[in-house]
Amino acid sequence: MSGAPGDNILVTGALGQIGTELVDALRKKHGASAVIASDIRHADGVHFEHDGQFLLLDVLDTEAIIQTCMSHGVGTIYHLAALLSATGEKNPALCRRVNVGGTVSVLEAAKTCSLRVFIPSSIAVFGPDAPKHAPQDAALNPTTVYGETKVEGEDLAMESWEKFGVDVRGIRYPGLISYKAPAGGGTTDYAVEIFHAALDAGHYNCFVREDTRLPMMYMDDAIRATLMLMDAPSEALGSSRAGYNLECASFTAKELATAIAEEVDGFECEFSPDVRQQYADSWPDSIDGSQARNEWGWAPEYDLGSMVRAMLDGLSNE
């Protein structure tokens, strides 16, 4: 490895659901000038609470990433640029190109510039043969192209760590729920859309069955987990460093609708499953996050009730 890393942070895919909130959290923690947000598209209409530098950056351009890191004194990359599950199934070739190609580019830059890297994974790495309460070491046989790219991303990350000493870390995010940014084309988007519909129309037509149970996490918990993992000493992390399961809430679409109806008078929800149901059916109901808890102290703060109240309060105050 060569190069002299700086103290600054580069976030790719900064305009996505996770990126918009992670950038603000990082700027709050490290200072706005230390965190560079980047994306392949302009930041039109996206507002960060803490202003700072924004760059147009294509994650498939390895040389551009290397030059950006060298010229801006970057020491850490949070690589969030990706196509999500539902979007990826509509364009599998592009999904593979962006998700795998972008990861390769970032890892090459990390090797060249001696960077630390965070690369998110997903519960989509699991397939129908995984136990419904999926352990950390469950077989990874995904049924979606998106899931396949996340498995490959974990493998590439571990290879970079084991062969080249790149300090790379990752989390298998569950479905993420946030009011600050729109859902980004994932199978769990219903768990975000339902809140907007409840307040705007009093009705929602959900695209999965009412008995569909999936692991879900409020975005504040997801951001906190990300920062905790990156703050953990490298020697504390074991063989799952590229894709930790996280303990989180688990509930059905019906349970979510009922919890919202208890807070929003007259809210009604119908269930009309579409093609995304088959993706949801292939994923576990819940995940065992004991390794993350034992190795770096992870524990969630939000359950279904507190998540629903936080979402409704946040949307009502916008």
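Please treat every number below as a calculation from the coordinates, not as lab data. All of these numbers come straight from a predicted model, not from anything done at the bench. Cβ atoms come from the backbone with ideal geometry, glycine included; neighbour counts cover every protein chain shown.
Values for this structure:
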| item | result |
| --- | --- |
| Kirkwood-based Rg to Rh ratio, the range 91-165, C-alpha trace | 1.02 |
| ILE36 long-range amide H proximity, modeled H, under 5 Å | ILE9, LEU10, VAL11 |
| Amide H partners (placed H, <5 Å) of CYS206, local residues excluded | GLU270, PHE271, SER272 |
| Spacing of the two label points (7 Å from each Cα toward its C-beta) at LEU304 and GLU263, in nm | 1.3 |
| Per-selection Kirkwood Rh - the range 171-212 (Cα, Å, 1 d.p.) | 11.2 |
| Label selected from (1) 159; (2) 214; (3) 119, the criterion being volume of the Cα convex hull per residue in Å³ as computed here | (3) |
| Mean-position separation - Cα centroids, the range 121-152 and the range 1-42, in angstrom | 28 |
| Span from the the range 76-114 Cα centroid across to the the range 224-242 one, whole angstrom | 20 |
| Cα long-axis angle, helix 62-71 against the chain (0 to 90 degrees, to the nearest 10) | 70 |
| The range 68-107: translational diffusion in µm²/s, Stokes-Einstein, Kirkwood Rh over Cα pairs, 4 °C, 1.567 mPa s | 115 |
| Translational D in µm²/s for the range 256-318 (Stokes-Einstein at 10 °C, 1.306 mPa s, Kirkwood Rh from C-alpha pairs) | 107 |
| Cβ-based net charge around GLU263, under 12 Å, with every Lys or Arg adding one and every Asp or Glu removing one | -2 |
| Angle between the chain longest axis and helix 92-113 axis [Cα atoms, degrees, rounded to 10] | 40 |
| Distance cut-off 13 Å, percentage of C-alpha pairs in the range 12-55 lying past it | 44 |
| Ordering of 210-218, 132-140 by burial proxy (mean other Cβ atoms within 10 Å per residue, highest first) | 210-218, 132-140 |
| By average C-beta atoms within 10 angstrom, highest first, the peptides 106-114, 92-100, 57-65 | 106-114, 57-65, 92-100 |
| Vicinal HN-Hα couplings computed from phi for the range 214-224 (Karplus, 6.51 cos²θ - 1.76 cosθ + 1.60; Hz; Gly/Pro x) | 9, x, 9, 9, 6, 4, 4, 5, 4, 5, 4 |
| Residues of the range 102-128 with amide N under 18 Å of a point placed 7 Å along Cα→Cβ from MET70 | 105-116 |
| Ranked packing of 189-198, 287-296, most packed first, by mean Cβ within 10 Å | 189-198, 287-296 |
| Computed magnitude of the charge dipole of the range 109-162 (debye, nearest 20; Cβ of K, R +1, Cβ of D, E -1) | 240 |
| Environment charge of LEU55, counting only residues whose C-beta is closer than 13 Å and scoring Lys/Arg +1, Asp/Glu -1 | -2 |
| Estimated 222 nm signal from helices in the chain, with DSSP H stretches of n ≥ 4 weighted -39500 (n - 2.57), rounded to 500 | -13000 deg cm²/dmol |
| Neighbourhood charge, 13 Å Cβ-Cβ cut-off, centred on GLU295 and excluding it, Lys, Arg +1 and Asp, Glu -1 | 0 |
| Over 26 Å (Cα to Cα) - which of LYS111/LYS150; LYS29/LYS150; LYS90/LYS150; LYS132/LYS254; LYS90/LYS111; LYS28/LYS90 fall in this group | LYS29/LYS150; LYS90/LYS111; LYS28/LYS90 |
| For the range 60-217, fraction of C-alpha pairs farther apart than 27 Å, in % | 32 |
| 0 to 90° range, to nearest 10: angle between helix 17-30 axis and the chain longest Cα axis | 50 |
| Under the Debye formula (equal points on every Cα, no solvent term), log10 I(q)/I(0) of the range 1-131 at q = 0.16, 0.17, 0.20 Å⁻¹ | -0.79, -0.88, -1.15 |
